[in-house]
Amino acid sequence: GGSSVVGTTSAIVDSGTTLVIGSTAGVKAFYKKIPGSKDASSTVGAGFYTFPCSATIPSVSFTIGGKNLPMSASSVNFGPVSEGSSDCVGSIVADSSIGSQFWILGDAFMRNYYTIFDYDNSQVGFASLK
């Protein structure tokens, strides 16, 4: 069983955003669950975290419309900090400018699903990859 680090918040599904962007507190709480993770704001960029590439990444999922939508561990890992590095960059980053109002679920999240944007009905749908 897992534990919630964010609770209930709004989310924007955005194909123009590469990463998953969340509240500073929520993102920090998530990375605290990965042994060896570090705030990489001064090295990689504001809001980024790194962790040992060999680390076990805890399960990450978002519940949208009552449906649990997990992210694969590989989609949480954005790749090594640099070629040959044993530290990897996380694809879940903090942005203090959005506060705790909402999260942005970008490509790192959407690569786990077929994502359907239904503009006529102002809704978004997700289907499992085959």
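Taking each DSSP H run with n ≥ 4 as -39500 (n - 2.57) and averaging over every residue of the chain yields -2500 deg cm²/dmol at 222 nm. With the simple spin-label model, which puts each label point 7 Å out from Cα in the Cβ direction, the residue 25 to residue 97 separation comes to 2.2 nm. If only the Cβ of Lys and Arg carry +1 and only the Cβ of Asp and Glu carry -1, the dipole of the chain around its Cα centre is close to 400 debye.
Taken per residue, the accessible surface of the range 45-94 reaches 49 Å², heavy atoms only and a 1.4 Å probe.
The values are calculated or read from the model by the stated rules, or taken from the named source; none is laboratory data. From a predicted model like this one, the values you see are computed outputs, not experimental measurements. Glycine gets a Cβ as well: all are built from the backbone with ideal geometry, and neighbour counts include every protein chain shown. Just so you know, the surface numbers come from the protein's heavy atoms only, side chains and all, with ligands and any DNA or RNA stripped out. Shrake-Rupley method; radii C 1.70, N 1.55, O 1.52, S 1.80 Å.
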